Ligand SMILES: NC(=O)c1ccc[n+]([C@@H]2O[C@H](COP(=O)([O-])OP(=O)(O)OC[C@H]3O[C@@H](n4cnc5c(N)ncnc54)[C@H](OP(=O)(O)O)[C@@H]3O)[C@@H](O)[C@H]2O)c1
């Protein structure tokens, strides 16, 4: 039995992961923003499990959730950073960040940083749900967040690129026994792009999503990672290594995002000696 923290468990891939990993006998610790939706999951789960309410659009809530986990668990085997948001129009978080940047990237970094000590106790694994949607993204050092010219797909593509840049930078820079990897789950039939959009954009996402696999089918790659049968690759999809773009592999971009993010969050990591 492994102890597995999963964010964004109230719908889609995260929900399917929570239910499957719980069924397979793991101690799942689900994190999501909606108290009602979390309560609706409770009767579907067998003990042991934990459900934690946290709005990941606020760094203080991410930290509070992580501290609760640390207080109640002496170790964690796997952290799955899965939650994401795709608003149709520009939304600025309380901390002044573009909302996709806040939830899809900053919350991932904060949760990983916070849980590092208890992940290290079990040679843990960090899995972040990225996407092949990172492929069109360019890295612009002078415009990391789309606070001026917002585009839903532009911001989504970039934050999924940041998931990969962070994953790769983490493995290269942090002095730890933890391995970090990113997953492209495939096109999955969820309402990720429909719930916070309107009009044609909403119609398009929902049309596209219907062509995707079920959330349940998307869980197998994660299960392989949890079981240790897909080891040592930092980007995987469909149960095998996946290819990231040159932009995602660019060490200068990784380093730039690393510094920019740590500055925004005011965090420091234990780094490997040069
Ligand atoms: N669907 C695809 O085709 C696809 C493809 C590639 C990658 N992905 C990635 O897969 C991951 C899961 O997405 P999904 O498709 O399963 O979408 P989803 O059904 O919308 O799931 C997203 C989850 O994140 C939660 N969430 C959003 N904002 C949050 C916040 N501020 N605080 C806490 N939780 C929050 C949502 O909560 P609510 O239930 O309250 O909304 C939901 O539980 C994402 O990282 C996405 O980028 C999806």
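What to note about this one:
- Linear extension gain, residue 60 paired with residue 206, 0.36 nm per residue minus alpha-carbon span: 49.3 nm
- Modelled FRET efficiency - R0 41 Å, residue 37 with residue 273, Cβ distances, 0.05 increments: 0.35
- Using C-alpha pairs below 8 Å separated by at least 6 residues, the relative contact order for the range 209-261 is 21 percent.
- Three-way shape call for the range 1-55 based on the alpha-carbon gyration tensor, with the a/c threshold at 1.5: prolate
- Residue ranges 227-237, 34-44, 253-263, 110-120 sort as 110-120, 253-263, 227-237, 34-44 when ordered by packing (mean number of other C-beta atoms within 10 Å per residue, highest first).
- Cα gyration tensor shape of the range 67-138, rounded if a/c is under 1.5, else prolate or oblate by comparing a/b with b/c: oblate
- Relative contact order %, the chain, counting alpha carbon pairs below 8 Å whose residues are six or more apart: 18 percent
- Spacing of the two label points (7 Å from each Cα toward its C-beta) at residue 46 and residue 231, in nm: 2.9 nm
- Three-way shape call for the range 12-121 based on the alpha-carbon gyration tensor, with the a/c threshold at 1.5: oblate
- Length gained on full extension, residue 92 to residue 214: 40.8 nm, using 0.36 nm per residue less the C-alpha separation.
- Length released on extending from residue 142 to residue 122, taking residue separation times 0.36 nm less the Cα-Cα span: 3.3 nm
Where a number appears in this text, it was derived from the coordinates with a stated rule and is not lab data. The shown structure was predicted, so the numbers you read here are calculated from the model rather than taken from an experiment. Cβ atoms come from the backbone with ideal geometry, glycine included; neighbour counts cover every protein chain shown.
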